[in-house]
Amino acid sequence: MPESIRVVIVDDHSIFRSGLRADLDASVDVVGEAADVPSAIAVIAETQPDVVLLDVHLPGGSGDDAAGGEAVIRGSATAARFLALSVSDAAADVVRVIRAGARGYITKGSSGIEVSSAVHAVADGDAVFSPRLAGFVLDAFGAVAGETATATDELDRLSAREQEVMRLIARGYAYKEVASELFISIKTVETHVSSVLRKLQLSSRHELTAWASERRLL
């Protein structure tokens, strides 16, 4: 069983907090909850969790609820890692909260298993994004403006299909979503990913995302 991760949930809807708490797996220990910016900062200071799950739109900030999640992150003196969990998939919201220091951003359509997995990944130091949101972050932070792809020789090592798989995986798509997008089996996706990583001499999909971003391939 994975090591228990101590979590605080910050969301202004009590029904959502209760439902999320019930859906998280046994390895996620919810040690506190909050509904607004001041109470969130207080609970985080008191409990010192490993991860804070927070909505990006929260009351009690500087008058702009849209910046509530950012206010919690900037106002908290903690070593905790922040994972945004929101109904919003707007680029401005994603970039704002990541710029403030969040390690990931997933949407409220995620299942309890997916949220639990994301919590563990963020606690381990990884960055986690729902599919298609990763591109917002990469556009904002991942490459210098005007930079062009200079990896023709590296791309030539990959087949056309491997390049398709590489781009989708680098954008944050799950294996199942890549399989659906390209009308191939999950096993075939796994085979292509292994081949891509081997040919590019990379060790993980996170390294692949960084590699593709640096070369403006997304």
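Descriptive notes on the structure:
- The angle separating the long axis of helix 205-214 from the principal Cα axis of greatest extent in the chain is about 70 degrees.
- Gain in span if fully extended, GLN201 to SER180, counting 0.36 nm per residue against the direct Cα distance: 4.9 nm
- Dipole magnitude for the chain: about 540 debye, using +1 per Lys or Arg Cβ and -1 per Asp or Glu Cβ, origin at the Cα centre.
- Cα long-axis angle, helix 37-47 against the chain (0 to 90 degrees, to the nearest 10): 90
- Which of LEU197, ALA123, VAL7, positive extreme of dipole for the chain (C-beta unit charges): LEU197
- Farthest toward positive dipole pole in the chain [+1 Lys/Arg, -1 Asp/Glu at C-beta], among SER159, VAL97, ALA210: SER159
- Spatially proximal aspartates and glutamates relative to LYS199 (Cα-Cα < 12 Å; intrachain offsets below 8 disregarded): ASP153, GLU154, ASP156, GLU162
- Ordering LEU53, SER110, PRO38 by Cα displacement along the dipole of the chain toward the positive end leaves SER110 in first place; charges were set at the Cβ atoms of Lys, Arg (+1) and Asp, Glu (-1).
- The chain: most fluctuating residue of GLU33, GLU46, GLU154 per GNM, C-alpha cutoff 10 Å: GLU154
- P(r) of the chain over all Cα-Cα pairs, binned every 10 Å from zero, in whole percent: 8, 32, 32, 19, 8, 0
- Result for the chain in a Gaussian network model with C-alpha springs under 10 Å: among ASP124, ASP50, ASP36, the largest mean-square fluctuation is at ASP124.
Only the coordinates and a few stated rules stand behind these numbers; no lab work does. Since the structure is predicted, the reported quantities are computational estimates derived from the model, not experimental observations. As a convention, Cβ positions derive from the backbone with ideal geometry for all residues, glycine included, and neighbour counts pool all protein chains shown.
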